[in-house]
1. Just to be sure I understand, how many residues within the range B:119-169 are assigned to a loop (DSSP other than H, G, I, E, B) and either more than 12 Å from chain A (Cβ to nearest Cβ) or open to solvent by less than 60 Å² (accessible area, probe 1.4 Å) (or both)?
2. Does at least one position in the range A:59-66 carry a residue that is closer than 27 Å to B:Met158 by Cα and open to solvent by 40 Å² or more (accessible area, probe 1.4 Å)?
3. Considering the range A:94-116 alone, what residues qualify as being open to solvent by less than 70 Å² (accessible area, probe 1.4 Å) and either free of Cβ contacts under 8 Å to residues at least 60 places away in the same chain or farther than 17 Å from A:His149 by Cα (or both)?
4. What number of residues in the range A:6-33 are open to solvent by 40 Å² or more (accessible area, probe 1.4 Å), facing chain B (nearest Cβ under 10 Å) and under 11 Å from A:Thr117 (Cα atoms)?
Number of protein chains: 2
Amino acid sequence: MKFGIVIFPTKKLQDLANSYRKRYDPHYALITPHLTLKGPFEAPDEDGKEIASKLQEVAKRFPPFNMTVPKFSSFQPVNNVIYLKVEPTQELEDLHEALHALPFGGQPEFAFVPHITVGQQLSNDEHSDVYGSLRMHQINHEETVDRFHLLYQLDNGMWTVYETFRLGKE
Amino acid sequence: MKFGIVIFPTKKLQDLANSYRKRYDPHYALITPHLTLKGPFEAPDEDGKEIASKLQEVAKRFPPFNMTVPKFSSFQPVNNVIYLKVEPTQELEDLHEALHALPFGGQPEFAFVPHITVGQQLSNDEHSDVYGSLRMHQINHEETVDRFHLLYQLDNGMWTVYETFRLGKE
């Protein structure tokens, strides 16, 4: 089945993201707002336990860290995805790298740009309308990341949590 | 905010439940299929950590256990909820009791009938049509429960996972 590894931010940031996702993100009903650490990858159902045990090892090595969300941004011209920009930090980079050094799920297709998607599959016109207004907003949100989640996808496309991993916890 | 404690069953059982929930359960898009251990309760946002640490203590005390789903059932005449019946076992009872002995969330309103809802808010006619056909099915599914999840509800009604607790794990 399909697995993924994400950070679910606090309720405050999720509610903010959802206020836009509701209108602009067709994945709104499939998963709550998240920062993807390791994109969807295929693995046999029965590998869940082994994957979880490897993630536990990684989580132990990283203490909780701060995450800053300064503003909205967009992947244009690559695609019409609008997102809450998450300030890249050494901690996020290192965690991302550690999760890609594991013997499953392969390597990232793109450079790691930490973000929380709020709009996607927008037409060019929609994108420029929406982003034109959002780019002016200052968000300046800060929170502590103290865990990440292993998810798997159900047949209907929705994502469900397999397990949570607390950072820095023995 | 609103918290809840649930078991998410395996993909196989979730996919089965969703094939009915899609048509018969208005909560289909708000949460993936689950067995509720402790119904929604209010607690301040900042209590998440303390609640999680208490749940960790409970989880440690319970080894993983088997869960059997023999068939569909219904809460009629109390209400028109159709569900996958989960065989009540001492382990489930004890876990349910332990989660209600904690200093938050209060006591259950009803006796504990372990179940995974597949249909609700059905009219009497719908209920008798749907249940009339489902009651004949034999499910006879069995799986191991080795974790439960603390969730919280977002402003849009969707539930997101705060943390997972592995049973019997130090």
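1. Of all residues in the range B:119-169, those assigned to a loop (DSSP other than H, G, I, E, B) come to B:120-123, B:135-140, B:146, B:154-158, B:167-169.
With either more than 12 Å from chain A (Cβ to nearest Cβ) or open to solvent by less than 60 Å² (accessible area, probe 1.4 Å) (or both) added as a condition, the list becomes B:120-123, B:135-140, B:146, B:154, B:156-158, B:167-168.
Selection size over the range B:119-169: 17.
2. Of the residues in the range A:59-66, the ones closer than 27 Å to B:Met158 by Cα are A:59, A:64-66.
Still in the running and open to solvent by 40 Å² or more (accessible area, probe 1.4 Å): A:64, A:66.
Yes: one or more hits.
3. So in the range A:94-116, the residues open to solvent by less than 70 Å² (accessible area, probe 1.4 Å) come out as A:94-96, A:98-100, A:102, A:104-106, A:108, A:112-116.
Within the range A:94-116, A:Asp94, A:Leu95, A:His96, A:Ala98, A:Leu102, A:Gly106, A:Pro108, A:Phe112, A:Val113 qualify.
4. 1
The values are calculated or read from the model by the stated rules, or taken from the named source; none is laboratory data. If you're wondering where the values come from, they're calculated on a predicted model, not measured in any experiment. Every residue, glycine among them, receives a Cβ derived from its backbone with ideal geometry; neighbour counts consider all protein chains shown. Just so you know, the surface numbers come from the protein's heavy atoms only, side chains and all, with ligands and any DNA or RNA stripped out. Shrake-Rupley method; radii C 1.70, N 1.55, O 1.52, S 1.80 Å.
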